[in-house]
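Before any comments, here is the structure.
None of the figures in this text is laboratory data; all of them are computed from the coordinates on show. Quantities reported herein were computed from a predicted structural model and do not represent experimental measurements. Backbone-built Cβ (ideal geometry, glycine too); neighbour counts: all protein chains shown.
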Amino acid sequence: MDKLIIHGGSRLVGTVEISGAKNSALPLLSATILSSGVHTITNVPKLKDIETFLILLEHLGTKVDIENDGTTVKLDSSSADKQDAPYELVKTMRASILVLGPLLARYGKASVSMPGGCAIGERPVDLHLTALEKMGAKVEIEHGYIKVECKKLKGAHIYFDTPTVTGTENIMMAATLADGETVIENAALEPEVAELASALKSMGAKIEGAGTEMLTITGVRDLKPLNFKVMPDRIEAGTFMVASAMTKGNVLIKDCPIETLDVVCEKLRAAGAVIEIEEEGVRVKGDWPITSVDIKTNPYPGFPTDMQAQMTAMMSIGSGLSVISETIFENRFMHIGELKRMGADISVDGRNAIVRGVRGLSGAPLMATDLRASASLILAGLVADGVTEISRVYHLDRGYAAIEKKLSALGADIKRISQ
């Protein structure tokens, strides 16, 4: 099992290029199930979750060809003939639920293992299943599998009590081949959802309202193969922005989707960072002391829950007191115990973390608990005095492409070793 060794104290300087977004690539890969033929997806990030998803597609009968050092994927779904996603392939990956809607829409049935992923809180699939039932599907859950069947889905009016990204994506994909019109109210507004809508429209789907709370999908007889480029990863970009700000850095972030990071930029500027838009990207400069700011996570366009852990690490060396409120996932403070091992002064009261900034952190042996927690511990290690060892970094490999190599190129003293 790999671990990361970080010698803190280095200032980050240079240029970093952002990889494609995992949370965009996974639904795009799912969309290829909807159509027979050869699909091409570019700017695909080289991540463990992507690798696992491609293995799942191969299991379903899709032929997978990887080019351009792994960033271009060609998928021939002409011979795909299976409709099951077994536990062995999806136990570590929440996004596996995204094959449910496309499989049902194309084949009339699907069997998908209840998904896994990071243990950051409840993320029930009830909203997906209720919506599919409204579209005429028969749904059963037995032996840990979701089994759905419907000869032909029918358009329906779907209202999500809570915005759900994967739920919106799943039902949107299913509705593209359904009979009639489907309306999704209280749809998720995340950029990755709008990106999927654009991709489906390029395949011939009829979708209105992309990027709004109401989507209208009119089903079509069939779709053509997908040719699409994955958008840059806004969470990876945000993580490097925080890294530069924390280390008094001067980093130019290329392919930075700045238009999706308004609230993150607002908080970083309030904390003292300088953010400049340049022709080649976005430059972030950091300075101390870091001003403490309050953070409250909310669905997009609010502050992203996937950036909460990184900002908590930054606020741990702030000049005052911060209140971090997590409204999305109830278990997303697991990184705080590890930050406290480094000397951070943080207390948790329900879904609020009270962070009293300290003068400095100390390197320590740490254990990552989930994907974004892993990133927060790296950021803390970059500014800590001494050596930080982070184990269980397999979480990190699910969402950050070669982050230690990118940080090393910016001047960080970080390396990966195998135990």
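What share of the DSSP beta bridges in the chain is antiparallel, in percent to the nearest 5? Let's see the in-between values first.
Details: 57 of 79 bridges.
Close to 70 percent.
Over the chain, calculate the relative contact order: mean separation of alpha carbon pairs under 8 Å at least 6 apart, over the residue count, as a percent. Walk me through the intermediate numbers first.
Numbers: 1031 pairs, mean separation 89.2, N = 419.
Relative contact order comes out at 21 percent.
Please find the FRET efficiency linking LYS74 to ARG11, where r is the Cβ-Cβ separation and R0 is fixed at 60 Å, and quote it to the nearest 0.05.
E between LYS74 and ARG11, to the nearest 0.05, is 0.90.
For mean projected area of the Cα convex hull in nm², pick the label among (1) 23.4; (2) 18.4; (3) 26.1 that corresponds to the value derived from the coordinates.
Recomputing mean projected area of the Cα convex hull in nm² here gives the entry labelled (2).
I need the calculated FRET efficiency for the pair ASP65 and LYS254, taking r as the beta carbon distance and R₀ as 41 Å, to the nearest 0.05.
Between ASP65 and LYS254 the formula returns 0.90.
Along Cα→Cβ, 7 Å out, is where each label goes; now give me the distance between the ones at ASP126 and LYS151 in nm to one decimal.
Going by the 7 Å Cα→Cβ label model, 3.2 nm.
Based on other C-beta atoms within 10 Å, arrange THR369, THR92, THR162 from fewest to most.
THR162, THR92, THR369
How high is the FRET efficiency between TYR107 and ASP413 when r is their beta carbon distance and R₀ equals 56 Å, given to the nearest 0.05?
0.60
Would you order MET114, MET315, MET367 from fewest to most other beta-carbon atoms within 10 Å of each residue's own beta-carbon?
MET114, MET367, MET315
Work out, step by step, the length gained on full extension between LYS296 and ASP179: first 0.36 nm times the residue separation, then minus their alpha carbon distance; give nm to one decimal. List each step's numbers first, then the result.
On the way: separation 117, 0.36 × 117 = 42.12 nm, distance 4.09 nm.
My answer for the length gained is 38.0 nm.
Positive end of the charge dipole of the chain (Lys, Arg +1 and Asp, Glu -1 on Cβ, about the Cα centre): tell me which of SER391, SER292, LEU226 has its Cα farthest that way.
Working it through, the farthest residue towards the positive pole turns out to be SER391.
Counting other beta carbons within 10 Å of each Cβ, put HIS128, HIS59 in order, fewest first.
The order, fewest Cβ neighbours first, is HIS59, HIS128.
Could you tell me what percent of the DSSP beta bridges with both partners in region 22-229 are antiparallel, to the nearest 5? Could the numbers behind the result be given before it?
Numbers: 27 of 36 bridges.
Among the beta bridges of region 22-229, antiparallel pairing accounts for roughly 75 percent.
Among residues other than GLY136 whose Cβ falls under 13 Å from its Cβ, what is the net charge (Lys/Arg +1, Asp/Glu -1)?
Value of the local net charge: +3.
Tell me the net charge near LEU223. Cut-off is 12 Å between Cβ atoms, LEU223 excluded, with +1 for each Lys or Arg and -1 for each Asp or Glu.
+4
Could you list the trypsin sites (Lys or Arg not before Pro) in region 123-198 that lie in coil according to DSSP, counting only those with at most 14 other Cβ atoms within 10 Å of their Cβ?
Those satisfying the criteria are LYS151, LYS152.
Using a 10 angstrom cutoff on alpha carbons, build the Gaussian network for the chain and name the most mobile of ASP287, ASP370, ASP161.
Of ASP287, ASP370, ASP161, the Gaussian network model singles out ASP161 as fluctuating most.
Tabulate in residue order the Karplus-calculated ³J(HN,Hα) for region 39-46, using 6.51 cos²θ - 1.76 cosθ + 1.60 with θ = phi - 60°, rounded to whole Hz; enter x for Gly and Pro.
With the stated coefficients, region 39-46 comes to 10, 10, 10, 10, 6, 7, x, 8 Hz.
Please identify every one of the trypsin sites (Lys or Arg not before Pro) in region 323-399 that sits in a loop by DSSP and has no more than 13 other beta carbons within 10 Å of its own beta carbon.
Answer by residue number: ARG359.
Going by Cα centres, region 30-89 and region 319-367 are how many Å apart?
38 Å
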